[in-house]
Amino acid sequence: MLLKRLILCGALAGMALAGPAPAPPAPAPSAAERELQAPLNLDDGKPTPAVGRDDTGPSVWRALGSVVLVAGLAAGGLWAFKRWGARRLPGAGGTRLKVEETLALGDRRFVAILKADDERFLIAMSPQSLSFMARLDSVEAPGPARFDQALDQEVRLTKPMAVKDMEAMLKGSSGARP
């Protein structure tokens, strides 16, 4: 056992003293490598621009003109799109159906006045539903002059009625209430 250790230490010491193995000789550089290692010669005989010349004037005006031109084209395109192009997009709607006014109630709930032809409707919208609330009278139609008349009219419309009275009213009999 001691002998094995001694032989191993001797071998390691011999390798350390011997040093690295000699490197093989480098191959001769190729023509491309010699050309790359040659000093760079920038004298090609062509005229070069003067280094101290001030070229910032025209390029600043050219850049400013370009910005103005692009902004003008964008504004003109937006105007043309609003004037002629917005009606051709999907969902742009026609001329018969319009949302006159919308009121946000919070929590993604809205109340809106919808105008279809000459009629107006009050609708309620939520994320899950769309509800018809009322048909609005036109602005030109005069309502009751006094509050008590309006209240009486509303009570008459919402008061339950007998089926025979409803049938008589639908048939146009004079005995039914209005």
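All of the numbers you see were taken from the coordinates with simple rules; none came from a lab. Because the structure is a prediction, the values reported are computed rather than measured. All Cβ positions, glycine included, derive from the backbone under ideal geometry; neighbour counts span all protein chains shown.
Full extension of the segment from A11 to A71, taken as 0.36 nm per residue of separation minus the current Cα-Cα distance, would add 13.4 nm. As a proxy for reagent exposure, D107, D165 were ordered by neighbouring Cβ count within 10 angstrom, fewest first; the result is D107, D165.
Straight-line cross-link reach from K115 at under 19 Å between alpha-carbon atoms covers these lysines, not counting any fewer than eight positions away in the same chain: K98.
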